[in-house]
Amino acid sequence: LVSAMNRVQLLGRVGQDPIMRQVEGKNPVTIFSLATNEMWRTGDSEMSQGGGDISQKTTWHRISVFRPGLRDVTYQYVRKGSRIFVEGKIDYGEYTDKNNVRRQATTIIA
């Protein structure tokens, strides 16, 4: 028997204070963004002392918290700039923006 797994772990800084959204007919959700940084050395020689420059890439993740206890604690205590660890699953979805354009959205369900 082969099982499937969808699990992600992120350690980063919160981009803005979380907001709580209530969609009619559904449970509330707390939403915030999380920035993760990846750093690497560029240049010809990886081994030489001081060789190359350090490059950095920041990736922004959209985090959604649905579980009632966790959702409320996140909304109350997580703040912009906080360094936090998030574990969850990746969710790929679609939505239509205000200009009626279909867009892809990747969300981490914490």
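Read-outs: derived from the displayed coordinates by stated rules, not from any lab. Fair warning: this is a prediction, and the values are worked out from it, not measured in the lab. As a convention, Cβ positions derive from the backbone with ideal geometry for all residues, glycine included, and neighbour counts pool all protein chains shown.
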Point to revise | Neighbourhood net charge (12 Å Cβ-Cβ; Lys/Arg +1, Asp/Glu -1) for residue 58 | key: +1
Review point. Roughly how large, in nm² to one decimal, is the mean projection of the convex hull of the alpha-carbon atoms in the stretch 11-93?
Key: 7.5 nm²
Point to revise | Degrees separating the helix 68-77 axis from the principal Cα axis of the chain, which is the longest one | key: 60 degrees
Revision key, fill the gap. Note to self, the chain gives a 222 nm [θ] from helices alone (DSSP H runs n ≥ 4, -39500 (n - 2.57) apiece, / all residues, nearest 500) of -2500 deg cm²/dmol
Practice item. At 7 Å along the Cα-to-beta-carbon direction for both residue 41 and residue 2, put a label point, then send me their distance in nm to one decimal. Key: 4.0 nm
Review point. Out of 71, 21, 83, any idea which swings most in a Gaussian network model of the chain, alpha carbons joined below 10 Å?
Key: 21
